[in-house]
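Please see the structure below; I have some questions.
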Amino acid sequence: MTTEATATSRDIDRSHMTVSQTDVAVEIIGMNKWFGDFHVLRDINLKVMKGERIVIAGPSGSGKSTLIRCINRLEEHQQGQIIVNGTELTSDLKRVDEVRREVGMVFQHFNLFPHLTILQNLTLAPIWVRGIAKDEAEQTAMKYLERVRIPEQALKFPGQLSGGQQQRVAIARSLCMSPQIMLFDEPTSALDPEMVKEVLEVMISLAEEGMTMLCVTHEMGFARQVANRVIFMDQGQIIEENEPDAFFSNPQHERTKLFLSQILH
Amino acid sequence: MNAQVRTEMAPALPPPRRTSGLILWLRQNLFATPTDTVLTIVGALFILWVGPPLVEFLLTKAVWPGGTVEDCRIEAAGACWAYIGARFNFFIYGFYPIAEYWRPNVVFALAALLIVPLAMPKAPYKLINALLFFVVLPVVTVVLLGGGWFGLRPVPTDQWGGLLVTLIISYVAILGSLPLGILLALGRQSNLPVIKTLCTAFIELWRAVPLITVLFMASIMLPLFLPQGTSIDKLLRALVGVTLFASAYMAEVIRGGLQAIPRGQYEAGASLGLGYWQRMGFIVLPQALKHVIPGIVNIFIALFKDTSLVSIVGIFDLLNTIQAGTSDTNWFSPHQAVTGYIFAAIIYWIFCFSMSRYSMFMERRLNTGHKR
């Protein structure tokens, strides 16, 4: 795999990829988390501005998935602060739901609802969480299905789609809630090699529209093309952070150098 | 180089035609191996041994309605269906006043009219239909059967009986235990310690007690604890007892279904901002219940048959009226009791088998095929 292999070869339109200087999307201050006795995230400090595209890399077990799962509180942190769109995540369920409404998430295993059609998957949350009328929700859903280029699958069930199609549906499902931030948790790791590109294409076009994104991914080509920052984690800590070019050409930390030498050949 | 490299793509061909024919079928299914052959012969002999006498007893030598008790007393006579015909109303309505039979009949007709479209997935007006069946029908039943309103003569519940009571108890217990079981199963999985403990305690308590004990407690012990003068209807007490009993079992079956749902489903719901009840109602429960349809229907069927236990506290359900009928000296004949029990068995079988087939139909229908 080279750095460019799996990403798209087309030129990226950077005209809308602007990073806000003043608006903070996510702020994590002195955050710690334990799984039982295991200290999985250690003193995490991270500030993400609106419009930033951040790729989080690191060896398995380094805590990168746990970190982004803390941002919509699928995991609870025990110490420190996480502030998303100005709302601090606490045990107050109302605030948690408030944050989740504005933060979309795409999972490694898609997690589509297998008993609902694609269209129902897309309209469930807009109808019941946002209170949008069914017709309008379906129109929006079709718009996003066209965007991910599978409108013809609207009435099928998730099990009838390929992995790549399912993941695109999952992205469309998040977009239907018009989120301000998107979290991607290894969105291409469970896909057949031939299907990675179609998902990355959708993610790139999202980035081109200026979406704030945090992606845990091993797609270094994507990181190089789209990210404005790469964060490297090991043993529950952020040990390196840099712009993609510098990150790949001149890694500082020994662990980063080892990691890059393992995945780029 | 041993691989054949195609120069053009191979076309898709239809599958080879299935060879068929009676002889082939026999050879493949009945006489495939020596063991199969022996088993086939033994089975055929058994059928020859049991079949003809059974047909003789139940059909050819049976005394059909219209026959008299004398016909039934002939030594060679088979089943005494004439007796069933004569006491049919007793088996269906129990001691319900004969002049008021139209009231249970209306209830039966309404129930049948509502349950048929409800059971057909393609019939329209599902919501109204369900409301009528689950909410309006019970009210109509209580008013119509109990009487006391609209100039209807009151009929106390101890005069209700037969299949009518069996169906009422089953209806209430089945429809009550499902939602209660769902709530108990969710409660047992709750993060809130108080709710979790209460639900677990309830389930374990009711599962650890035999249904007969529950019915005895409800009908004999409970009145002792109530203040003098208050009395709760005996049938109602049995209904509550059976329903709570069944809901404990239901809860455990549903909990099994909940455990089969991958964590990702809960998480996907949560990440979209759906609240707890929305996640459960739209995402988790529809899948979990689908997984455990066989287990749920198993409980329904067991429940339908267990309603016969209420005879122990003096309620005249179907089996109890048939039991009582055996002491009817007007129809005293050698096969009077046996015919009664066969009749009971046939009725129980029809209802239980229908439930079983319907659940298989629903399983197939709800199967969207693929996990995740």
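The values are calculated or read from the model by the stated rules, or taken from the named source; none is laboratory data. Quantities reported herein were computed from a predicted structural model and do not represent experimental measurements. Because the Cβ atoms are built from the backbone with ideal geometry, glycine has one as well, and the counts that use them run over all protein chains shown. These accessible areas exclude ligands, DNA and RNA; they are computed on the full protein's heavy atoms, side chains included. Shrake-Rupley method; radii C 1.70, N 1.55, O 1.52, S 1.80 Å.
Specify the residue that is nearest to the other protein chains (Cβ to nearest Cβ); the eligible residues are those in region A:157-181 that are assigned to a loop (DSSP other than H, G, I, E, B) and either open to solvent by less than 10 Å² (accessible area, probe 1.4 Å) or within 25 Å of A:Arg73 (Cβ to Cβ) (or both).
The extreme case among them is A:Met177.
Something else about it: For region A:3-86, please list each of the strands (runs of 3 or more DSSP E) lying entirely inside it that holds at least 1 residues being farther than 23 Å from A:Met220 by Cα and modelled with pLDDT under 95.
A:24-35, A:38-49, A:79-84
Out of the residues in region B:353-372 that are surrounded by fewer than 14 Cβ atoms within 10 Å (Cβ to Cβ) and over 26 Å from B:Phe304 (Cα atoms), which is modelled with the lowest pLDDT?
B:Lys371
Turning to a different aspect of this structure: Using the structure shown, decide if A:Gly80 is over 20 Å from A:Gln180 (Cα atoms) and in contact with a helix residue (DSSP H, G or I) (Cβ under 9 Å, 6 or more places away or on another chain).
For A:Gly80, the condition - over 20 Å from A:Gln180 (Cα atoms) and in contact with a helix residue (DSSP H, G or I) (Cβ under 9 Å, 6 or more places away or on another chain) - is not met.
Related question: Consider B:Ala77 against the criteria (1) of a type in the set (A, V, I, L, M); (2) within 27 Å of B:Tyr358 (Cβ to Cβ); (3) assigned to a loop (DSSP other than H, G, I, E, B); (4) touching a residue at least 40 places away in the same chain (Cβ under 8 Å): it satisfies all of them except one. Which criterion is unmet?
Only one criterion is unmet by B:Ala77, namely (2).
Please specify each residue of region B:270-292 satisfying the condition of being facing another protein chain (nearest Cβ under 8 Å) and either under 26 Å from the mean Cα position of the chain (by Cα) or not polar (S, T, N, Q) (or both).
Correct list: B:Ala270, B:Leu272, B:Gly273, B:Leu274, B:Gly275, B:Phe282, B:Ile283, B:Pro286, B:Gln287, B:Lys290.
Follow-up question, since we're still on this one. Please find, among B:Ile315, B:Ile322, the residue that is under 30 Å from B:Val69 (Cα atoms), more than 14 Å from chain A (Cβ to nearest Cβ), touching a Leu at 6+ places or on another chain (Cβ under 8 Å) and among the β-branched types (Val, Ile, Thr).
B:Ile315
Let me ask you something else. Condition first: closer than 28 Å to B:Ala268 by Cβ and either under 20 Å from the mean Cα position of the chain (by Cα) or at pLDDT 90 or above (or both). Can you find one or more residues in region A:239-248 that meet it?
no
Restricting to helices (runs of 4 or more DSSP H) lying wholly in region B:205-269: which have 3 or more residues that are in contact with a Ser or Thr (Cβ under 9 Å, 6 or more places away or on another chain), away from chain A (no Cβ under 14 Å) and not basic (Lys, Arg)?
B:234-259
On to the next question. Under 29 Å from B:Leu192 (Cα atoms) and buried (at least 22 other Cβ atoms within 10 Å of the Cβ): does that describe A:Gly58?
no
Sort out which residues of region B:114-159 are of a type in the set (A, V, I, L, M), open to solvent by 40 Å² or more (accessible area, probe 1.4 Å) and out of contact with any helix residue (DSSP H, G or I) (no Cβ under 9 Å at 6 or more places or on another chain), and write them in order of number.
B:Val116, B:Met120, B:Leu127, B:Ile128, B:Leu131, B:Val135, B:Val139, B:Val142
Next question. Under 25 Å from A:Gly210 (Cβ atoms), within 14 Å of the chain's Cα centre (by Cα), modelled with pLDDT under 95 and within 14 Å of chain B (Cβ to nearest Cβ): is that true of A:Glu98 in this structure?
Spelling it out, it is not the case that A:Glu98 is under 25 Å from A:Gly210 (Cβ atoms), within 14 Å of the chain's Cα centre (by Cα), modelled with pLDDT under 95 and within 14 Å of chain B (Cβ to nearest Cβ).
Within region A:113-136, can one find any residue that is out of contact with any His (no Cβ under 9 Å at 6 or more places or on another chain), within 8 Å of chain B (Cβ to nearest Cβ), in a helix (DSSP H, G or I) and open to solvent by 20 Å² or more (accessible area, probe 1.4 Å)?
yes
Quick check: anything in region A:223-234 in contact (Cβ under 8 Å) with a residue 12 or more places away in the chain, open to solvent by 50 Å² or more (accessible area, probe 1.4 Å) and part of a helix (DSSP H, G or I)?
Yes, that holds for at least one residue.
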